[in-house]
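See below for the structure under consideration.
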Amino acid sequence: MKESEIEVFVWRNTAPNKKEEQLIYCVQNLILDSLGHKKLALEETSKMAMMHWKSVIAEAKKNLAHTLKRFNDQDRHYACWLLCGINRQFFELLDGRIPVPNPEVSFDRNYCLSYDRTLSPKTLRSIAGIVRRTVNRVRRESVCYPRTKAFHNRIDFDTSCYTVRSTEDAQFLELMSLQPGKRISLRLKGRSKIRGTLQLIRDTAGTYSLRVYVPQECEAQRKTGTVIGIDLGYTEMMATSEQELLGTDLGQYFSAISDKRRKNSEGRNRMYSLFRNLLKKSGKDKLAKAERIRKNNLGRKKQRARYIRDIGVIKTIVNRELNLLFTRRKNPIKEIVVEDLSARMKVHFGKKWNRRLSGWMRGYLQERIRYKAKKFGIEVSEVNPAYSSRECPRCHCTDKENRQGNSFKCSRCGYHGHADLVAALNILGRLGDKEIRIGMPPSRVKAVLDGRYVGWKSLNHTVSDKTSGVARVVNESPRSASSKSELRSNVQVCIASR
């Protein structure tokens, strides 16, 4: 079961009356200002605090990964015990104390007391100091505590904060207000089943939407079908290992939106500079002109509305292509293999392309793929994407000259094709690969691929230079999960025979 949000109605205010003004005041103020919403505010605050501390612990573990390699097993387990969750020893560490494992607690014993010798106080103090300094540095530089904004565009209503009333003509929703005993009555567009906690959202265009969470049933896990690899791209939405390109017009929308926002920003920056210069001058005419510029040229209402409209077009394309892919009747899909894009991009392509890639929305693509796959009962597997666009599916060569834009041509064996389609083949081939794992650094991945290229080269030389009269055939088709293992076994046999 998965929860998804749907819009129940959209209510636009043209000339606000007294009830609408009261609703706007209720939405804009902090949730804590309303006595009836204290329970929801406390729940939301506790969730925000829990997510903050979980993010701090995860980032601290990542920063300590290199340091922990120099510790022995017992010291490493003690450091991991300090960061095993939001519990007693973690907050004792933040208070400046040195947490000591309790031998009476099985949880502590499983982490730290499975060795013969106990840690000395000096060792405990040293390790706790390293972990504490790392956590403080993470809190200071990487994961800062979220700050409360003065303006909120969302307010939550649980089942005790609203009532639903239906008549023959329409359906009404009565929401709790700041005044005791008085509720705000809203007329819904259409009839819907209202249940659970509601969210009332007001966007910058002055439109109100009510969102209700409803349970959505997922299909059973598919047991029959094909397994395909997917490579996410910028110019095309994705390429599959079945040699198909989906969403070929998505890159044009990304570039058009980025260039249009850049052009508008340049104009706004010029007007803002003129606005600041006019404020420094004296005279009523200068101040009046500055006020006109601020009112007519520096607003964000229309800018935000245009951006929401452009992003809506992109989201429509993404959902349409995924629905067509996952619901096809001919050759249905049982499992998809995608690249792990959780790491941040560290490559810089110039100011123009960096701006375009920042609006790529790859996080939305990954979220939609997981959501749609779970909805239709398709399994999702992630693999390491390092050098997937430069690796040759035939000889595993990773030369930089292999890829030129969207064209791929191997500089060693001559294999050629579309770069994204080649990457999709490589991603599918890495499913179940025990040598290339998720999280492995690119340098180690390149070392593995270089070893496979040497094996492929020696295999071809062995076959061509053999002296026996028995003819042998070398399979040089793009590798799959099965042909890859056969190729490795053939390499070992040929090397041993030489």
**Fill in**
If the chain between D340 and V227 were fully extended at 0.36 nm per residue, the gain over the current Cα-Cα distance would be 39.0 nm
**Prompt:** Using the per-residue mean of other Cβ atoms lying within 10 Å as a proxy for protection, in what order, highest first, do the peptides 310-316, 415-421, 209-215, 42-48 fall?
**Reply:** 415-421, 209-215, 310-316, 42-48
**Rounded if a/c under 1.5, otherwise prolate or oblate - region 371-469, Cα gyration tensor axes** = prolate
**Cα shape, region 226-383, gyration tensor, a/c 1.5 rule** = prolate
**Prompt:** Given labels modelled 7 Å from the Cα in the Cβ direction, how far is it in nm from D259 to I98?
**Reply:** 6.4 nm
**Request:** Subtract the Cα-Cα distance of R294 and E141 from 0.36 nm times their separation in residues, and report this length gain in nm to one decimal.
**Result:** 51.6 nm
**Fill in**
Projected area averaged over all directions for the convex hull of the alpha carbon atoms of region 221-314, nm², comes out at 8.9 nm²
**Message:** Quick check for me: using +1 on Lys/Arg Cβ and -1 on Asp/Glu Cβ, what's the dipole size of region 112-269 about its Cα centre, in debye to the nearest 20?
**Reply:** 1280 debye
**Message:** Restricting to Cα pairs below 8 Å that are 6+ residues apart, what does the relative contact order work out to for region 132-276? Please round to a whole percent.
**Reply:** 12 percent
**Message:** To the nearest 20 Debye, how big is the dipole of region 226-383 about its Cα centre, given +1 on the beta carbon of each Lys and Arg and -1 on that of each Asp and Glu?
**Reply:** 1900 debye
**Request:** Starting from the Cα-Cα distance between D433 and I201, subtract it from 0.36 nm times their residue separation and give me the gain in nm to one decimal.
**Result:** 78.9 nm
**Asked** Where does each of 257-268, 76-87 land if you order them by average Cβ count within 10 Å, highest first?
**Response** 76-87, 257-268
**Asked** In whole angstrom, how far apart do the alpha carbon centroids of region 406-462 and region 232-286 sit?
**Response** 37 Å
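Each value in this text was obtained by applying a stated rule to the coordinates, not by laboratory testing. Everything numeric in this text was worked out from a predicted model, so none of it was measured. Quick reminder, even Gly has a Cβ in these numbers, built from the backbone with ideal geometry, and neighbours come from all protein chains shown.
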